[in-house]
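This report concerns only the one structure given below.
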Amino acid sequence: MESLLTDRLATLSHPQRLAVFRLLMRRYPDALPAGEIAQVLALKSSTASVYLSALTQVGLITQRRDGTRLLYTVNLDAAGEVVSGLFVDCCRGRADLCPPPFSDLINRTQMMTQTKFNVLFVCTGNSARSIFAETILRGMAGDRFTAYSAGTLPRSELNPLAVEMLHAKGHCIGALRSKHISEFQTDDAPQMDFVFTVCDHAANEECPTWPGQPVSGHWGMPDPVKAEGTEAERRLAFQQTYGALHNRLLAFTALPFEALDRAALQKRVDAIGADPVTTG
């Protein structure tokens, strides 16, 4: 076991191999094709292949074939073993001996018992998907959740078809606006309990650590703004996105938060994101 830990640390010591691993961590539970990994990290295909092979050999990521493509996903058990080997086993589980972030991880296994949670939805443009999620959650369970949304590259205004659909669904849209994620990273910003990325591009980006260690999840789905075709086909794309987010948020709001510790809650959140997107 000691030898495996050493091999894994040696593999992660290379900056670009670490970048591949961190990308797959951000995109979990998605499985990414090698080509997308290479594109996001600006690597040559052959170089990306070498790095993926090295990470696979030590078990930090897993590989599966989908037709002609190889898909890669992070191995959370292995990642946990690295952290445990470095800080839990080494410090004998004593929080006072561990660096502060890991001390906090040991101590924070309690249930989330507050009566209202802050939830932030992030995408690139903050003009459709994250706006849908913010509005749906507010209407679905505004007594238990305070919903926010933001973009990493927000547009100057909301997408007209998104606004039209929300209005048709009976949502209050007067206060909605496109916002940059930096609004929620200031000292006086509300502290988030949950942060969800709803597009792959936003999940691919490196973001500062959120205060309070919120539970995070990736619920990526296609961007309806980029839908092509007739006006009816474009409207259908927005309808499907709205329906998929509505179903995921139904599952999220039904979770027994008071009965789950953070680790169990994280698994439930990941499972919601891993389920096939349905709109029914």
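Averaged over residues, the count of other Cβ atoms within 10 Å places the peptides 212-218, 12-18 in the sequence 212-218, 12-18, highest first. For the chain, the convex hull drawn through the C-alpha positions has a volume of 155 cubic angstrom per residue.
Distance distribution note for region 162-280: the fraction of Cα pairs above 16 angstrom is 69%. Relative to the longest principal axis of the Cα atoms of the chain, the long axis of helix 262-274 lies at roughly 60 degrees.
Simple spin-label estimate for residue 264 and residue 4 gives 2.7 nm between the two label positions (7 Å along the Cα-to-Cβ direction from each Cα).
Projected onto its three principal axes, the C-alpha set of region 117-168 covers 29, 27, 12 Å, listed from the longest axis down. Here the relative contact order of the chain, from alpha carbon pairs under 8 Å that lie six or more residues apart, stands at 17 percent. When the solvent-accessible area of the chain is split by element, carbon and sulfur atoms take up 53 percent of it, the probe being 1.4 Å. Multiplying the residue separation of residue 44 and residue 56 by 0.36 nm and removing their Cα-Cα distance gives an extension gain of 2.5 nm. Which one of 261, 270, 187 has the biggest mean-square fluctuation once the chain is modelled by GNM with Cα springs under 10 Å? Result: 187 has the largest fluctuation of those listed. Averaged per residue, the chain has 51 square angstrom of accessible surface, using a 1.4 angstrom probe with ligands and nucleic acids left out.
Estimated from helices alone, the mean residue ellipticity of the chain at 222 nm is -13500 deg cm²/dmol (sum of -39500 (n - 2.57) over DSSP H runs with n ≥ 4, per residue). Taking 0.36 nm per residue of sequence separation and removing the Cα-Cα distance, the residue 201/residue 156 pair yields an extension gain of 14.4 nm.
The values are calculated or read from the model by the stated rules, or taken from the named source; none is laboratory data. For clarity, every value in this text was computed on a predicted model and none was experimentally measured. In this analysis, Cβ positions are derived from the backbone assuming ideal geometry, glycine residues included, and neighbour counts consider all displayed protein chains. Protein only, heavy atoms only, side chains kept; ligands, DNA and RNA dropped before computing areas. Shrake-Rupley method; radii C 1.70, N 1.55, O 1.52, S 1.80 Å.
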